[in-house]
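This report concerns only the one structure given below.
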Amino acid sequence: RHRRLLALNNLRDDAPREVELFAPPGAETRALCEMLATKKQLVHVVASDVWRELSRLDSVPGKAAEALVDENKEVPPELVLDMLEEKLGMGDCVSKGWILEGFPADASQARKMLAGGLLPTRFLSINVADGECVRRLSGRRIDPKDNAVYHMEDAPPPNAEVSGRLVQRASDTKDAV
């Protein structure tokens, strides 16, 4: 909660409207981005989900990403960047501003992002202790039916039906984390 209040204080009403959030895995970036987007009337852009909207709009990069996802293949960072360029240039992102979650993942992607003209005007960096990240990630479960994310201690599933279909990704086991 304290972390969230600090982030809000750093985004005063007169603050720039293009925000990039950096955090380690397990830092609850989705919840933090959603809260900031709501409080500051920003468009929450999730890099890994942008293809869905662009595909519905018959965007060339969106359709290319959809084809890869349908084949259970990874969407390459170059294609993610193409989609982000398109999304962040759309009317709602231009008029309201945006908060970007999930990209870039490394320095090379950051350089490509900046070279492509995607210049956030505010960066928020969230620090979380390693032990807490392990606890958060190893408790995470995914509902394959609706892609909802739950945590067995912090945000348990709402009922036995949902609980029964949850899966733990191999990357979320304690050994993997």
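The numbers here are math on the coordinates, done by the rules we state, and not lab data. Nothing here was measured: the structure is a model prediction, and the numbers come from that model. For neighbour counting, all protein chains shown are included, and Cβ atoms are generated from backbone atoms with ideal geometry for every residue, glycine included.
Data table
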| item | result |
| --- | --- |
| Per-residue ³J(HN,Hα) for segment 153-167, Karplus 6.51 cos²θ - 1.76 cosθ + 1.60, θ = phi - 60°, Hz, x for Gly and Pro | 9, 7, 8, x, x, x, 7, 5, 4, 5, 4, x, 9, 5, 10 |
| Computed helical MRE - 222 nm, the chain, DSSP H runs ≥ 4 contributing -39500 (n - 2.57), nearest 500 | -12500 deg cm²/dmol |
| From phi via Karplus (6.51, -1.76, 1.60), per-residue ³J(HN,Hα) for segment 83-90 in Hz, x at Gly/Pro | 5, 5, 4, 5, 4, 6, x, 6 |
| Fraction of antiparallel bridges per DSSP, the chain only, in percent to nearest 5 | 35 |
| Length-normalised contact order for segment 45-125 - Cα pairs under 8 Å, 6+ apart - percent | 30 |
| Too-long pairs where the Cα-Cα distance tops 22 Å, listed order kept, from Lys39/Lys96; Lys63/Lys87; Lys73/Lys96; Lys112/Lys174 | Lys73/Lys96; Lys112/Lys174 |
| Residue among Pro157, Pro120, Pro77 with the largest mean-square fluctuation in a Gaussian network model of the chain, springs linking Cα atoms under 10 Å | Pro157 |
| For the chain, built as a Gaussian network whose Cα springs stay under 10 Å, the top-fluctuating residue of Glu161, Glu20, Glu132 | Glu161 |
| Of (i) 22; (ii) 14; (iii) 27, the label for percent of Cα pairs over 30 Å apart derived from the coordinates | (i) |
| In segment 139-177, the trypsin sites (Lys or Arg not before Pro) that fall in loop regions by DSSP, at most 16 other Cβ within 10 Å | Lys145, Arg169, Lys174 |
